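Scroll down for the structure; my scribbles are underneath it.
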Amino acid sequence: MFDEQDPPTPKRRGRRVEQTPIQRALGLLVRREHSRNELTRKLTARGIEREDAEAAVDKLAQAGWQDEERFAHSLVRNRAAAGYGPLHIRAELGMHRLPEELVRQAMDDYDGDWADNARDLVRRRFAGGLDDPTRRRKAADLLARRGFGGDLVGQVLRGTGQDWDDQA
C-alpha cells in the first residue's frame with residue numbers, strides 16, 4: 001500500500017505566529033464585551049507589557065471595538081437575565097473601575113423589572129411554593145445572595161403566598 005521509498009509527509013508543526021497586542025485584544029473582544037480594565041489585565045497576564053496593552057486597548061477603543069458604555073449595558077442585561085439583582089450587578093460594574101456616572105446610566109437604562117426577575121428566580125428554584133417557613137427563608141437567602149435588596153425580597157416573598165400557581 002505504501003511504498004517504503006516515499007518519505008512520509010511532514011506533519012505540520014503547530015507553530016503559532018506571534019500575535020500583536022492589538023490582535024490578542026481583538027481576539028478577546030470578538031468573544032464578548034470587555035471593560036478597558038479587564039482587557040488590559042488579561043493582556044498583561046498573557047505577557048504583554050502594560051504600556052503596550054494600554055496602547056492596544058486605546059487604539060481599539062478609538063476604532064469602536066471596545067466601548068465602556070456598551071460593555072456596561074451588556075453586563076447589566078446578561079447578569080439580570082442570569083438571575084442577579086441590582087446590588088450584585090452594581091458591585092460587579094464597580095470592580096471593572098467604570099465611572100460612577102456610567103454605572104448609574106447602565107442601571108437606569110435597564111428596561112427589565114427587578115421584582116419580576118426576583119419572582120422568576122424564586123419560581124424556578126422553589127417550584128412547589130413557599131408555604132413552609134423554611135422554604136421562605138431559603139428563598140430570601142437566595143435572593144439576598146443574588147443581589148436583591150431587602151425591600152425587594154420582602155415585596156417578592158409577600159406576593160408569593162397561597163396564590164403561587166396563579167402568578168405563574
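Here, each number is a calculation from the coordinates, and none is a lab measurement. As the structure is a prediction and not an experimental result, all values here were calculated from the model. Please note: Cβ atoms are built from the backbone with ideal geometry, for glycine as well, and neighbour counts cover all protein chains shown.
Only alpha carbons enter this Debye calculation for region 114-167, each as an equal point scatterer, and the log10 of I(q)/I(0) it gives at q = 0.14, 0.15, 0.16, 0.27 Å⁻¹ is -0.28, -0.32, -0.37, -1.13. For the chain, the calculated P(r) over all alpha carbon pairs, in 5 Å bins from 0 to the bin holding the longest distance, is 1, 8, 14, 13, 11, 9, 8, 8, 7, 6, 5, 3, 2, 2, 1, 1, 0 percent.
Here the 3J(HN,Hα) profile of region 71-86, calculated from phi with Karplus coefficients 6.51, -1.76 and 1.60 at θ = phi - 60°, is 4, 4, 5, 5, 5, 4, 4, 5, 6, 5, 5, 7, x, 9, x, x Hz, Gly and Pro shown as x. Its Cα centre serving as origin, the chain has a Cβ charge dipole (Lys and Arg +1, Asp and Glu -1) of approximately 660 debye. The share of alpha-carbon pairs in region 68-109 lying farther apart than 12 Å comes to 49%. Normalised by the number of residues in region 21-62, the mean separation of alpha-carbon contacts (under 8 Å, six or more apart) gives a relative contact order of 52 percent. Relative contact order, whole percent, for region 114-167 stands at 44, derived from Cα pairs under 8 Å and 6 or more residues apart.
Considering only 65, 30, 126, and ranking their Cα positions along the charge dipole of the chain that arises from unit charges at the beta-carbon of Lys, Arg, Asp and Glu, the one farthest toward the positive end is 126.
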